[in-house]
Structure formats: structure tokens, C-alpha cells
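Below is one structure; the comments refer to it alone.
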Amino acid sequence: MSILVVRHGQTEWSMSGQHTGSTDIPLTPEGERLARTLSPLFAQRRVALVLTSPRRRARRTAELAGLTDGRAPVEVAEELVEWDYGAYEGRTTAEISAEVGHEWSVWHDGVVPGPTPGESVQEVAARARAVLTRANAVPEEDGDVVLVAHGHLLRVLAATWLGLSPTAGALFALEAGTWGELGREHGRPVLVRWSVPPLG
């Protein structure tokens, strides 16, 4: 059994670099097109369970990738929502850096409360651990678990899978519309592949 992770397809804000946590925006036409090109990947895998973020950009990606066609149970998992960016929602790294007076990083500087409370990286990691516990409960012989979610959350999840500090997620860039695979080698958690673009 592998855990396949899919970052939702392109949105207007992923193109502009705006932090998109709670804002529920749709895929662009290009994001929809690329999501469809993921379908052949999943047609070749035995999928036991699909867990998706409740945000429509993730649910639509799962749909277009053929993951909601009845081949496996599909569950909406609140734990898969993106990092709560608090006051930094909808803003770019450059804008935040100009405001705080230094090169800001969500990984090391964190966020401040705004319309939503915001989250620490440790809080995001706690949600990631809950998702991994759910995925690991699926019997290996049943097939793969697919997670359709968001960039920062999935990067924290990958670091957590590997037993690293959640801040190590900074090292795992994950482009919109790409996928990765978390597996095991000789019983140890490994990163099999990462940020793989769609076939189209």
C-alpha cells in the first residue's frame, strides 16, 4: 500500500502566489484540464480509499481525476484543509515580507490571527498525523490511499511521514496539479516520488 498525494489543480491564487487557506476558490480552466490528465495514473492503481479536503478546488480535482467514479470509497476529511493563514490569507510572501520588514517564511515565522485564528506548523502537523493514522488503518492488500488536498498541508504531511520535523516540509516543493507517493522500503517510510506533473 502506498499513500498517493495530489495537490489540487491550478487556481487564480496559486498562479499569483497568494496564500489560500480558508478561501474557497475554483480551479482555472487550465487547472481543470490538468486534473483530467491525472486520470490515467489512477486507472492503473488499485485504490482502496480516497480522502479529500472539503474545499471545492480539491473535490473538483478528485472528480476530474476519476477518483469519484465509484471504484473506491470517497470521504471528505476536514483534517486535509490547508494551513490556516490567519491575517496572511490572500497575501503573497512578498507583501507579508514588506510588512514585517524581513524575508518572511510561513515555516519559520508562522502567521498572526486575522479573520481566522491562524495555525502553527505544529497544529498543521497534528492534523497530518491524524490523516496518516487513518490511511495506515487501511489493510495493505486493499490497495492505495489517495489524499487530495493542498500544498503546504501535504508538505507537512510528507515530512511527518518521514519522521522529520514538520518545518522540513519547506524542502518539499509541490506544484499545483502534481502528485507524489509515500511508501515503505524495508519497513521504513520513504518518499517514492514527488511533485510529478500530469501526463498532459
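The values are calculated or read from the model by the stated rules, or taken from the named source; none is laboratory data. Because the structure is a prediction, the values reported are computed rather than measured. Positions of Cβ are backbone-derived with ideal geometry, glycine not excepted, and every protein chain shown enters the neighbour counts.
How many residues, within segment 95-114, are of a type outside the set (F, W, Y), within 18 Å of V81 (Cα to Cα) and in contact (Cβ under 8 Å) with a residue 60 or more places away in the chain? Going through segment 95-114 one residue at a time, the tally reaches 1. Exactly one residue among V138, V124 is outside any helix (DSSP H, G or I) and touching a residue at least 12 places away in the same chain (Cβ under 8 Å), and that residue is V138.
For segment 176-196, check the following and say yes or no: at least one residue is in a helix (DSSP H, G or I), touching a residue at least 12 places away in the same chain (Cβ under 8 Å) and either among the hydroxyl-bearing types (S, T, Y) or buried (at least 16 other Cβ atoms within 10 Å of the Cβ) (or both). No, segment 176-196 contains no residue that is in a helix (DSSP H, G or I), touching a residue at least 12 places away in the same chain (Cβ under 8 Å) and either among the hydroxyl-bearing types (S, T, Y) or buried (at least 16 other Cβ atoms within 10 Å of the Cβ) (or both). Restricting A149, A170 to residues that are within 29 Å of T23 (Cβ to Cβ), touching a residue at least 24 places away in the same chain (Cβ under 8 Å) and surrounded by fewer than 23 Cβ atoms within 10 Å (Cβ to Cβ) narrows the list to A170. Checking R155, R129 one by one, the residue that is part of a helix (DSSP H, G or I) and within 19 Å of T92 (Cα to Cα) is R155 and no other. Checking P73, P54, P29, P40 one by one, the residue that is surrounded by fewer than 16 Cβ atoms within 10 Å (Cβ to Cβ) and free of Cβ contacts under 8 Å to residues at least 12 places away in the same chain is P29 and no other. Checked against the criterion of being on the phi > 0 side of the Ramachandran plot, out of contact with any Lys or Arg (no Cβ under 7 Å at 6 or more places or on another chain) and crowded, with 19+ Cβ neighbours inside 10 Å, segment 86-100 contains one or more residues that satisfy it.
The rows are residues; the columns are (1) of a type in the set (D, E); (2) closer than 28 Å to L34 by Cα.
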{"position": "A126", "(1), (2)": "no, no"}
{"position": "A135", "(1), (2)": "no, yes"}
{"position": "P139", "(1), (2)": "no, no"}
{"position": "L157", "(1), (2)": "no, yes"}
{"position": "S165", "(1), (2)": "no, no"}
{"position": "E175", "(1), (2)": "yes, yes"}
{"position": "E181", "(1), (2)": "yes, yes"}
{"position": "L191", "(1), (2)": "no, yes"}
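Would you confirm whether any residue within segment 42-52 is at pLDDT below 95, of a type outside the set (S, T, N, Q) and under 21 Å from S14 (Cβ atoms)? For segment 42-52, residues at pLDDT below 95, of a type outside the set (S, T, N, Q) and under 21 Å from S14 (Cβ atoms): absent. Between V138, V148, which is under 18 Å from R57 (Cβ atoms) and either hydrophobic (A, V, I, L, M, F, W, C) or modelled with pLDDT of 95 or more (or both)? Checking each option against the conditions leaves just V148.
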